[in-house]
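For reference, the structure is listed below as structure tokens.
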Amino acid sequence: MSKIIAKVVEIEAYENITLVKFEVGTQFLSMMSLDISSDIKIATEVKLLINSSHVAIAKEVSGEVSYSNQIQTKIKSLKNGELLSHISLSFGDSIIESIITKKSSLRMQLCVGESVTAFIKANDISIYEVLND
């Protein structure tokens with residue numbers, strides 16, 4: 001699991017669905033939620049939680065993709081296991097983790113220092129902790 005500190009910059013709600021946009025350094029993340037705490041307001045600092053198995057990685061992306069979160073990152077570390085690869089991705093002062101199959105890692109010829117795009121669906125991000133009120 002990755003935990004990232006972010007600031008709420010936008011909130012959109014309709015019926016029981018809420019979309020929240022966060023600023024993380026110079027990049028933005030979006031989250032979709034069915035229930036959101038009344039503590040969450042514009043400028044609230046939060047710690048976000050992202051499941052490492054829900055972070056996809058792409059190289060040289062072109063065309064439109066439906067993922068709300070497309071983060072430009074660099075591979076900080078890469079550990080290939082027997083079946084899975086654990087990859088640490090840095091962007092700004094933040095780190096997110098990705099777990100993909102070893103076959104995908106080898107097929108893509110991923111290496112430390114390489115720039116890649118991390119994809120995260122908006123419903124795969126959650127607020128772990130409110131840091132200020």
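A few comments on the model shown:
- Of the residues making up region 14-40, just one is at pLDDT below 90 and touching a Leu at 6+ places or on another chain (Cβ under 9 Å), namely Asn16.
- Region 106-127 - residue that is among the hydroxyl-bearing types (Ser, Thr, Tyr) and within 22 Å of Thr26 (Cβ to Cβ) and, of those, most open to solvent (accessible area, probe 1.4 Å): Ser115
- Considering residues of region 12-38 that are among the hydrophobic types (A, V, I, L, M, F, W, C) and over 18 Å from the mean Cα position of the chain (by Cα) only, the residue most open to solvent (accessible area, probe 1.4 Å): Leu34
- Qualifying position, being open to solvent by 80 Å² or more (accessible area, probe 1.4 Å) and either of a type in the set (Val, Ile, Thr) or assigned to a strand (DSSP E or B) (or both), among Lys103, Lys41, Lys74: Lys74
- When region 62-72 is limited to residues that are free of Cβ contacts under 8 Å to residues at least 40 places away in the same chain and among the polar types (S, T, N, Q), the one that is nearest to Val116 (Cα to Cα) turns out to be Ser62.
- Residue pairs whose Cβ atoms lie under 6 Å apart, separated by 6 or more positions or on different chains, with the first residue in region 17-44 and in contact (Cβ under 8 Å) with a residue 40 or more places away in the chain and the second surrounded by 11 or more Cβ atoms within 10 Å (Cβ to Cβ) and assigned to a loop (DSSP other than H, G, I, E, B), are Gly25/Gly92; Ser30/Ser68.
- For Val8, the conditions (1) crowded, with 17+ Cβ neighbours inside 10 Å; (2) within 14 Å of the chain's Cα centre (by Cα) all hold with the exception of (2).
- Flag for Lys59 being without any contact (Cβ under 8 Å) to a residue 24 or more places away in the chain and within 27 Å of Val112 (Cα to Cα): no
- Odd one out for Glu82, checked against (1) part of a strand (DSSP E or B); (2) at pLDDT 95 or above; (3) open to solvent by 30 Å² or more (accessible area, probe 1.4 Å): (1)
The values are calculated or read from the model by the stated rules, or taken from the named source; none is laboratory data. Since this is a predicted model, take the numbers as computed values, not measurements. Quick reminder, even Gly has a Cβ in these numbers, built from the backbone with ideal geometry, and neighbours come from all protein chains shown. Heavy atoms of the whole protein, side chains included, go into the accessibility calculation; ligands, DNA and RNA do not. Shrake-Rupley method; radii C 1.70, N 1.55, O 1.52, S 1.80 Å.
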